[in-house]
Amino acid sequence: MMKKAVRMFRKRVAAKTTAVFCMVVCLSGCLGSVLQAEEASGYYDEFGNWVQESYSEESGAETAGIENPEALAALTGDTADAAGSMDAAQEVSSALTGAYSVEAGWTVDSAASTEEKTVYKQDTNVGMDNTSTITCSYMDTNYSVLEYEQLRDMLTNNLLYANVNAQISTSAVYTQTKDYLYIVIVDDSALDYKDVYHYVVGDYRCFCVEVREYRAEADQAVADGVKTPHEVGQTTAEEFTWGVA
């Protein structure tokens, strides 16, 4: 019975090892080498620890720890280039959350921004308080795209509870890439501004564009024949595109 249990354990380990090796094969395509796993096996050392051995048909060599970039680079024969490629891939990956832009005339206010949120103000108002802002951020959720109605209800209820004196109005459109875009306007007439929230819905995530629009600035924009802060923010949300996961 003991020998049979050990054999079954080895088979499970080998299966997991093969899965890890296959993921690395996909990554190695970026380095200009294609590796094909024919078999993956291992053995117990004298201390009873499992040691993985992976066989690369193309290289004809047995390697251990191929799932790390250094081992992969050694296998392809160019450690420096491989390390640089891996770093570049990580930078690209981190930038692929999504792409958006705020139209000309609006600038990042570094003093008001944080790592989680980027705050934009009109060029002439950067550094000033009590002026219109467009704030862009990402939010994790518990809902998939197909569960957007549940997400919509949760977002609306949260804003209702947080703004008991405000009038709440909602609408929904689609982005240019056909993602669901939910819009909530929170308008308390006792204040000299209103807040508009735009949520681009993704799987278990949202891209958020929050606009605080001061009424005087909106009126002036209308008089000047240019977009109001609300309109600029909604354009940003509508043109947003999710990155490749």
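The values are calculated or read from the model by the stated rules, or taken from the named source; none is laboratory data. The structure presented is a predicted model; accordingly, all values stated were derived computationally and were not measured. In this analysis, Cβ positions are derived from the backbone assuming ideal geometry, glycine residues included, and neighbour counts consider all displayed protein chains.
Data table
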read-out: Residues (of a type outside the set (A, V, I, L, M), surrounded by fewer than 16 Cβ atoms within 10 Å (Cβ to Cβ) and free of Cβ contacts under 8 Å to residues at least 40 places away in the same chain) located in the range 114-142; value: T114, E115, E116, K117, D123, T124, G127, D129
read-out: Test: L155 is closer than 14 Å to C208 by Cβ and among the aliphatic types (A, V, I, L, M); value: yes
read-out: Residue check for S137: touching a Cys at 6+ places or on another chain (Cβ under 6 Å) and among the small types (G, A, S); value: yes
read-out: Members of the range 143-153 that are closer than 21 Å to Q234 by Cα and loosely packed, with under 13 Cβ neighbours inside 10 Å; value: E149, D153
read-out: Close pairs from the range 208-227: first in the same structural domain as Y120 (by TED's automatic domain parsing), partner of a type in the set (A, V, I, L, M) and modelled with pLDDT under 95, Cβ under 6 Å, at least 6 apart; value: C208/M139
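Listed here are the residues, each with its yes/no results for (1) in contact with a Leu (Cβ under 6 Å, 6 or more places away or on another chain); (2) over 15 Å from Y100 (Cα atoms); (3) modelled with pLDDT under 95; (4) small (G, A, S).
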residue	(1), (2), (3), (4)
N163	no, yes, yes, no
I185	no, yes, no, no
R212	no, yes, no, no
A223	no, yes, no, yes
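This table checks each residue for (1) loosely packed, with under 13 Cβ neighbours inside 10 Å; (2) touching a Phe, Trp or Tyr at 6+ places or on another chain (Cβ under 7 Å); (3) over 25 Å from T141 (Cβ atoms).
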site: L181; (1), (2), (3): no, yes, no
site: V184; (1), (2), (3): no, yes, no
site: F207; (1), (2), (3): no, yes, no
site: A221; (1), (2), (3): no, no, yes
site: G225; (1), (2), (3): yes, no, yes
site: H230; (1), (2), (3): no, no, no
site: W242; (1), (2), (3): no, no, no
